[in-house]
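The values are calculated or read from the model by the stated rules, or taken from the named source; none is laboratory data. All values reported here derive from a predicted model rather than from experimental measurement. Backbone-built Cβ (ideal geometry, glycine too); neighbour counts: all protein chains shown. For the accessible areas, the whole protein counts, side chains as well, though only heavy atoms, and no ligand, DNA or RNA atoms are used. Shrake-Rupley method; radii C 1.70, N 1.55, O 1.52, S 1.80 Å.
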Amino acid sequence: MANPSPGYSIQLRVEAPAGVTATSELVVAAADAGAVITAVDVSESSTDRVLVDLTCYAVSAEHAGQVADALAAREGVVVHDVADRTFRLHAGGKLEIVPKTPLRNRDDLSRAYTPGVARVCLAIAENPADARRLTVKGNTIAVVTDGSAVLGLGNIGATASIPVMEGKAALFKQFADVDAWPVALDTQDTEEIISIVKALAPVYGGINLEDIAAPRCFEIERRLREELDIPVFHDDQHGTAIVTLAALMNALRVVGKRLDSVRIVVSGVGAAGSAIIQLLQAEGARHIVACGRNGAIHHGEQYGDPHRTWIAEHTNERGVSGSLSEMLVGADVFIGVSAPDLIGEQEIRTMADDAIVFAMANPDPEVDPVVAARHAAVVATGRSDFPNQINNVLAFPGFFRGLLDAGAVDITPAMLVAAAEAIASCVRDDELNASYIIPSVFDPDVARVVAEAVADAAHRAPAEQSTAVETQEGAAA
């Protein structure tokens, strides 16, 4: 199911014999090789030669080479350069620090730095809460990772994770004007990570944990929430859960079913799957079966880790066992946060009428969405090249904007549900259909609406009654 993608956008500088049809022949050759052409620019021309910059999407790095070879194989054509536009975008990094106040003269310098800055330091020493008002703390998030579960790449380490964390920080700024900074830790020891994050926390207004493998991520989040006075959010868990709930709310409206009555099968019991289960239950879901590599999680089995034990005790009320395929028979909803190509057309065919399929494994989903759409009423993925992209960027920028605006010190289930409802509300009744259950990540209203909903939920919850989102690790402890 591989398709040409912006992630493999290339620019080829091609020299060809001059002629009226020179550029169109190059376009046809690239298209015949499977590329999607996005731009054609003639950079130089002479009486007998023309130099063309051809921009196109490929399927993979290998395919990009095949496109170049197809062009070079044409008589008289020379491919001078093949530039990977994704690598070009990352050259030098994607972030920079820019002072908010210009330092033009001695007066500016004396107030921004010494001697004037000393007075501000003393004010904060006397009243530490003023740091939110007088420093970057009030608008800054640490994007913390240990590089152990990066996207679909696995344990690639802290250094290799930096481009993803930079991208995350850029999204915070672009969509919610939150200043965020990558904090890639060269350790995967739970206690060391907790200690480091606690030590660097004073400069940040919140912690966004990112791409930390389960089950270690559960303990890290639980401990940091207990020991810090700023909100700690694990996006792989709660960001995914928020957007999944939002999409499911609208999908259920499309098919005319209720959350408290549908049968839901969740494939994947790591960080995302666990959080999705909890949030769905918080909103009223009653019939959930979770499946791991060995099939359904059920209370008749002993599990060696606390979060699977929690799932066994709080889901699958009938205590059924069996494979993922067996669990899908008669199910209304499939939610996949696991691995590619786990199921096929036959499994989707056995689901209930007007089934909902969320196949969110990236980059390749649990089932080909084209195949799933032959039998399911609503299909969503994590990909940008199919309708209904379930993408965390709909949640985390606005969610942290709301936390920072409210001066929140904790995260509650009410905030998560409020964020999901806000995202779902961005799809108007006259827009809602099977191919549009979730707003675009570029919808300018989403981050604002989510921020307002989260801030309102934070203000409604008295501090003394604030109960942090409970992970299975914490619940089982």
Surrounding net charge for Val79, when Lys and Arg each add one and Asp and Glu each subtract one, Cβ distance under 9 Å
-2
Residues of type lysines that Lys173 reaches as a straight line, Cα spacing below 18 Å, ignoring anything fewer than 8 places off in the same chain:
Lys94, Lys100, Lys137
Ordering of 95-103, 451-459, 344-352 by burial proxy (mean other Cβ atoms within 10 Å per residue, highest first)
451-459, 344-352, 95-103
DSSP-defined beta bridges in the chain - what % are antiparallel, rounded to 5:
45
Whole-percent pair-distance distribution, where bins are 10 Å wide, for the alpha carbons of the chain
4, 18, 25, 23, 16, 9, 4, 0, 0
Once the Cα gyration tensor of region 39-143 is found, what semi-axes does its equivalent ellipsoid get, as square roots of 5 times the eigenvalues, in whole Å, sorted largest first?
56, 19, 8
Of the accessible area of the chain, with the probe set at 1.4 angstrom, what percent is carbon plus sulfur?
51
Quick one: the Cα spread of region 181-275 along its three principal axes, in angstroms, biggest first?
50, 25, 22
Mind checking the per residue accessible area of region 1-86 for me, 1.4 Å probe, whole number of Å²?
52
Looking at region 397-444, which chymotrypsin sites (Phe, Trp or Tyr not before Pro) are in a loop (DSSP not H, G, I, E or B) and have at most 14 other Cβ atoms within 10 Å?
Phe442
